[in-house]
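Worksheet: one structure, shown below.
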Amino acid sequence: MFTGIITDLGTVRSVEARGDVRLVIATAYDLSSVDLGASIACSGVCLTVVAKDADSFTVDVSAESVGRTAPAMWCPGARLNLERACKVGDELGGHIVTGHVDGVGAIVQVTLDGDSRRIMISVPAGIAPFVAEKGSITIDGVSLTVNGVADQPDATANFNVNIIPHTAEKTTLGALRIGDTVNLEIDVLARYLARMQQAMAHRRA
């Protein structure tokens, strides 16, 4: 489990195509405290550490994960938002994040809003109903609050968030431009509520 509070910016050092995709990711983490088999969220994707050295760790990414996430993150030189898994007793600074990406959104507008940047993101129809004004959403692993949502005629939706200067500096979100794609994870409570409603509707049918 994660909280969506980013603690390092990593860089993809190398990419190797095998049965899965193997990434070596450079990091400032003290890797002596990271066990093999530990989970690290990489721009919102929960991945398992399979090897490490002094300043980088290695993960294997399945075809399922590659196919469901923003493609730019699997390239050499890509910058990734990193978060280590929570420990019992850690402060829950953001919201409950699983590291399972629900869909990929596209940046459709970036505007200045005071010292912050307001970013509008288009979300696919499959997850549009789960994005709610003042609800939580995870964008490339970052826990954010939805400012507003506009449903579109094709059942997709556009929503916007504010990126404060601290978040822009400490994560990849400050570099987002129109046309970029991002990993989205809806609030876990919305996911389970939808499943409960689906099951109840099936029983009534």
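The values are calculated or read from the model by the stated rules, or taken from the named source; none is laboratory data. Not measured: the values here are computed from a predicted model. Here the Cβ is made from the backbone with ideal geometry for all residues, glycine too, and neighbour counts use every protein chain on show. These area figures cover heavy atoms from the full protein model, side chains too; ligands, DNA and RNA do not enter into them. Shrake-Rupley method; radii C 1.70, N 1.55, O 1.52, S 1.80 Å.
For region 15-168, what relative contact order do you get, as a whole percent, if you take Cα pairs closer than 8 Å and at least 6 residues apart?
Result for region 15-168 is 19 percent.
How about region 1-62: which trypsin sites (Lys or Arg not before Pro) there are in a DSSP loop, with at most 13 other Cβ atoms within 10 Å of their Cβ?
Answer in residue order: 18.
Once you charge only the Cβ atoms, +1 for Lys and Arg and -1 for Asp and Glu, what is the size of the charge dipole of the chain about its Cα centre, to the nearest 20 debye?
The calculated dipole for the chain is roughly 440 debye.
Only sites in a loop by DSSP and with at most 14 other Cβ atoms within 10 Å count here; which trypsin sites (Lys or Arg not before Pro) in region 86-141 make the cut?
Within region 86-141, the qualifying trypsin sites (Lys or Arg not before Pro) (loop, at most 14 other Cβ atoms within 10 Å) are 87, 134.
Just to confirm a number: summing +1 for Lys and Arg and -1 for Asp and Glu over residues other than residue 158 whose beta-carbon lies under 14 angstrom from that of residue 158, what do you get?
So the surrounding residues net to -2.
Rank these residues by their accessible area, most exposed first, probe 1.4 Å: 95, 100.
The residues order as 100, 95, largest area first.
Taking the Cα centre of region 104-176 as the origin, how large is its charge dipole in debye, to the nearest 20, when only Lys and Arg (+1) and Asp and Glu (-1) carry charge on their Cβ atoms?
For this selection, approximately 100 debye.
Given [x] 9, 37, 39, 14, 2, 0; [y] 9, 34, 35, 18, 4, 0; [z] 9, 40, 39, 11, 1, which label gives P(r) over Cα pairs in 10 Å bins from 0, in percent as computed from the coordinates?
This structure yields the entry labelled [y].
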